[in-house]
1. Report the relative contact order of the stretch A:67-199, percent, no decimals, based on alpha-carbon pairs under 8 angstrom and at least 6 residues apart.
2. Looking only at the stretch A:100-126, which residues have a backbone nitrogen under 16 Å from a spot 7 Å from the Cα of residue A:211 in the C-beta direction?
3. Which percentage, to the nearest 5, of the DSSP beta bridges contained in the protein assembly as shown is antiparallel?
4. To make sure I understand, if each residue's beta carbon is the centre and we count other beta carbons within 10 Å, what order do A:200, A:90, B:132 fall in, fewest to most?
5. What nm distance separates the two modelled labels at residue B:33 and residue A:288, each placed 7 Å from Cα along Cα→Cβ?
6. Report the paramagnetic label zone for residue A:145: residues of the stretch A:89-123 whose backbone N is under 16 Å from a point 7 Å from Cα along the Cα-to-Cβ axis.
7. Just to confirm my numbers, what's the Cα centroid distance between the stretch A:361-433 and the stretch A:318-358 in Å?
8. Fewest first, what order do A:436, A:34 take by the number of other Cβ atoms within 10 Å?
Amino acid sequence: MTNTPDNAPKSAILSPQDAEARVRASMATRRNRETRFRMWGIAAIALSMCFLVTLFGTIMSKGIPGFFQYYVTLDVTLDRERLDPAGDLSDQSLFDGDARGLVRDALFSTLQVSGRSNRKAAGKLISLGSDERLRDYVRTHPEQLDSEQSLKFALDDDVDSFLRGFISRDTPESDRRINDKAIGFIDQLQEAGLISYEISDYLFFGSASRNAEMAGIKGAFIGSILTLAVCLSLAFPIGIASALYLEEFAPKNRLTEIIEININNLAAVPSVVFGILGLAIFINIFGLPRSIPLIGGMVLALMTLPTIIISSRAAIRAVPPSIRDGALGIGASKMQTTFHHVLPLALPGMLTGTIIGMAQALGETAPLLMIGMVAFIVDIPGSITDPGTVLPVQIFMWADFAERMFIQKTSSAIMVLLAFLVVMNSFAVWLRKKLERRW
Amino acid sequence: MSHNKAQIRGAASVDNFNGIEPPMDTVGNIRVNNARIMCNNVFVHYSDKRAIDNLSLDIEAQKVTAFIGPSGCGKSTFLRCLNRMNDTIATCSVTGEILLDNQDIYAPEIDVVPLRARIGMVFQKANPFPKSIFDNVAYGPKIHGLAESKSHLENQVEEALRRAGLWEEVKDRLDQPGTGLSGGQQQRLCIARTIAVSPEIILMDEPCSALDPIATAKIEELIEELSEKYTIVIVTHSMQQAARVSHRTAYFHLGRLIEVGATKELFTSPHHKLTENYITGRFG
């Protein structure tokens, strides 16, 4: 305004001086806005980091003790006659033998107990799995029969919880899961230095069990691997073939448009619906057995297919058209162009989608409940047609049990699941880096 | 990218017509004695938009033909018709005849794969494959089964690189990625890749538009050498380039072929007003 004479026609464009003044005036507001936005961003990240730390803290603090449990060392006399009555070391003969009696005798002599009620209380200290453990030992060390050996046996889960301090001595005896006599015996064993706190072999090599001290994740872990193997071997080739066909070969018309919309919609369908679909089709119509990793894998493949197809299509679209032109321009056929040039360039992106899909499948519980993979299965699945369960379902089941020790085992299993995910993802990231090429 | 470009160009219109009507027929002689490709009444449409309007032209054998004209005039579109690269654009339709050896290349019985092996193409943006220099050149012979043995293939690669004037620069690093070369080298690599398939005709779509003057000069030199063996069609934005490398020049305007003639003649005494305006720089 200062430079414009009053009688001159007013210009819509401000003079440079006026414009500068206005810009200066607006700077404070603009800067404040930017600072505020940054603060919001930092706050959001701090909050999510807080949650993450809490989550990992809780899981680790509960889960790491779950990797360990209390064992007692006993001197067991491996009496051949009592252990192996038939003398052929067959499963039947060992089963007919009195392994349980031998373990109990060793315990009783260590504690020097006598009397029926004392023996009853002492017998409850060690895990019910101890006789099976002794039989296993004899199977692998038959030469040690008729000698005395120091062997470790797991303590019962109530004793374990007591030793961890979850059960207090001050609680009235009638309210405790463990009575005064048993506590006396535990003290006796501890004074003798026979109780040890070690890495739990049951957790890693055991299968599902109603006894917390014997429960392990091996069955569920193998089940998860088998299920994922089925899922990957179905979803990856089908997903990539669909994506390649839809992007490179299919004519762009109504039909392909409808297919595309439906694939996008399928990605948003709740996973439990895929479980119902699997139940209806694979089990009811095709009559396949329930609870098997084969069906689990097929259901999860249905669930992950849309994810893989969508990300693969995006990866294919990101391949520069000039590469296709170059190949077509020297007479490569459509198929050669696709497989020699487009696919190798799109593969890293496709793998990313597949990782996301597989990670989703690994953590999925709901659809597997529908097809019966929630059953209590003690045997470790040997093939994709053996009944089994998977890690997240195992976690789900353990979280439901009342015993103290299952709480730790649940957290431990979650840690194993997370570790499985991390290993899987880092392998895929490594693979992607290896395949990635620049152009 | 190039698809979109072709589409946009075809659809674009140049409003600067300077009030001059384009001729119904092309000025100059569209026919030549030793034609390699004969085009008769070619129309190209993108959906409903006409990109090439009733174009007839001969491409002379063992000569360099240049297509010039303002952006959106259809020269790239027409070039891509000659080896059916427009097939990749779903909305593009081509009518009329494009005869190679008296055979319409758009006839239903024609397979585009052997056709494109005979009519190679070099693009505006150098597009080497993300593979080694050797593999870039060897790819064509490999997919067409042109080499009898590994040493034969190696010889083919060497000769193609020699003809493209790149051998001396890359002979020690054939196993390195083709994408690591400079822009001009990449473009010559693409030319070598095309030559390795033993085409008769090479189409070049503004091959120097992304290159510096020195790299451009090398490519132009190369085009001159190649014209002894190959029939070359080049689309260019640079009139100087057309004047330097081509024997015959065709001037396109808004999808029409306005004028065609020997390069010297066309640049010194254009017959049509539109051509004259363009080459004297009055619009374009």
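FYI, it's all coordinate maths here, none of it is from the lab. Quick caveat: nothing in here was measured; it's all calculated off a predicted structure. Every residue, glycine among them, receives a Cβ derived from its backbone with ideal geometry; neighbour counts consider all protein chains shown.
1. Details: 166 pairs, mean separation 53.7, N = 133.
Relative contact order comes out at 40 percent.
2. A:100-108, A:120-126
3. 70
4. If I rank by nearby Cβ atoms, fewest first, I get A:90, B:132, A:200.
5. Calculated label separation equals 7.5 nm.
6. From the stretch A:89-123, the list is A:89-100, A:102.
7. After rounding, the separation between the Cα centres reads 35 Å.
8. Fewest-to-most ranking of A:436, A:34: A:34, A:436.
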